[in-house]
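A.B. asks: One structure coming up, written as structure tokens, with questions to follow.
Taken together, the values in this text are just the output of simple stated rules run on the coordinates, not laboratory data. All figures in this text were calculated on a predicted structure; none of them were measured in a lab.
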Amino acid sequence: MLAGEEDSHFPVHMVRKMADAIEGGTFRVLQHTAHLAARENPEGVNAEIDAFLAALPAAA
């Protein structure tokens, strides 16, 4: 899960709690980002998605 450090709708501590409830989940905080992360910080969001996908096991 991604959290924006400046998100007032879903603060970091709330997103962390949700992420902790997902077994095997990951949690990252995007600096200088609020609620609309994909619009405010597309490079950061895309980098996190790329890293997540690269860490998945290769398909058979």
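A.B. asks: Here are labelled values, (1) 27, 59, 14; (2) 21, 51, 17, 10, 2; (3) 23, 48, 24, 4, 0, and one is the computed P(r) over Cα pairs in 10 Å bins from 0, in percent for what I pasted. Which one?
C.D. replies: Among (1) 27, 59, 14; (2) 21, 51, 17, 10, 2; (3) 23, 48, 24, 4, 0, the one calculated here is (3).
A.B. asks: Residue by residue, what Karplus-based ³J(HN,Hα) values in Hz, rounded to whole numbers, does the range 5-14 have, using 6.51, -1.76 and 1.60 with θ = phi - 60° and x for Gly and Pro?
C.D. replies: Each residue of the range 5-14 in turn: 4, 10, 6, 8, 6, 10, x, 3, 5, 6 Hz.
A.B. asks: Quick query: amide H of Leu30 versus all other amide H atoms, modeled in the peptide plane; which residues come in under 5 Å with a sequence gap of 5 or more or a different chain?
C.D. replies: Ala3, Gly4, Glu5
A.B. asks: Further, regarding this structure: Which value at 222 nm does the chain reach when only helices count, each DSSP H run of 4 or more adding -39,500 (n - 2.57), with the total divided by all residues and rounded to the nearest 500 deg cm²/dmol?
C.D. replies: So the calculated ellipticity at 222 nm is -12500 deg cm²/dmol.
A.B. asks: What list of ³J(HN,Hα) values in whole Hz, one per residue of the range 47-57 in order, does the Karplus curve 6.51 cos²θ - 1.76 cosθ + 1.60 (θ = phi - 60°) give from phi, with Gly and Pro shown as x?
C.D. replies: Each residue's phi maps through the Karplus curve to give 5, 5, 5, 4, 5, 4, 5, 5, 7, 6, x Hz.
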